[in-house]
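These notes are about the structure you will find just below.
The values are calculated or read from the model by the stated rules, or taken from the named source; none is laboratory data. None of these values were measured; they are calculated from a predicted model. Methodologically, a virtual Cβ is constructed for each residue, glycine included, from the backbone with ideal geometry; neighbour enumeration extends over all protein chains shown. Ligands, DNA and RNA are excluded from the accessible area calculation, which covers all protein heavy atoms including side chains. Shrake-Rupley method; radii C 1.70, N 1.55, O 1.52, S 1.80 Å.
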Amino acid sequence: MHMRWRSWMAPFFTIWIGQAFSLIGSSLVQFALVWWLTERTGSATILATATLAGMLPGIILGPLAGACVDRWNRRMVLIVSDGIVAAASAGLAALAWGGHLAVWHVYVAMALRSLGGAFHWPAMQASTSLMVPKEQLTRVAGMNQTVHGVLNIVSPPLGALII
C-alpha cells in the first residue's frame, strides 16, 4: 500500500504543480484584461460584454465537454486546451506590444480562453481520478479547492502589484 501511494505521487504532483502555475497565470491574465478594459474604456457595458464573452463558451460547451473528454485522449485534451488559452494570451501580448490591441481582441481572447477552460477542467478532473488512488481522492480534491480559494484571494493584489 505504501509503495502504491508513492508510485502515483511523482507523476500526479508534477502535473498538479504545473496546473497550479497555469491557474496563477490565467488568473493574472484575467485580472489584467479586466483592468485594461476598465482603464481603456471605463464602460460597464464593455465589461459586461467581456464577461459574457468569457463565460458563454464555457456555459454552452460545459455539458458537452465532459462527454467529449470521456471519449477523447485526456492528455491531448489538456495539451490542446492549455495551448488554446496560451495562444490567446500570447496573441493579446503581441497585439499590446505592437500597440494594436483593441477591445474586440479582448472579447475574442476571453471567448477562446473560456473555450479552452471548458475542456480543460473536465479533462483534469477525469485524469485525477485515474491517477490518484481512491483513498486519496478526498485529500486531492481538498488540495484543489484550496488552490482555487487561494488564487481568488491572491490574484487581484498580485495582479495589481505586477501592473
Residue within the stretch 54-65 that is closer than 26 Å to T146 by Cα and exposed (fewer than 13 other Cβ atoms within 10 Å of the Cβ) present: yes
Residues of the stretch 119-144 classified as open to solvent by less than 30 Å² (accessible area, probe 1.4 Å) and polar (S, T, N, Q), total: 3
Close pairs (7 angstrom Cβ cut-off, 6 or more residues apart or separate chains): over 9 Å from S81 (Cβ atoms) in the stretch 118-130, among the acidic types (D, E) and surrounded by fewer than 18 Cβ atoms within 10 Å (Cβ to Cβ) anywhere: A126/D70
Which listed residue, of A88, A109, is under 25 Å from T41 (Cα atoms), part of a helix (DSSP H, G or I) and in contact with a Lys or Arg (Cβ under 7 Å, 6 or more places away or on another chain): A88
Residue check for G116: open to solvent by less than 30 Å² (accessible area, probe 1.4 Å) and either farther than 23 Å from L151 by Cα or at pLDDT below 90 (or both): no
Residue check for T45: in a helix (DSSP H, G or I) and either within 26 Å of V147 (Cα to Cα) or open to solvent by less than 80 Å² (accessible area, probe 1.4 Å) (or both): no
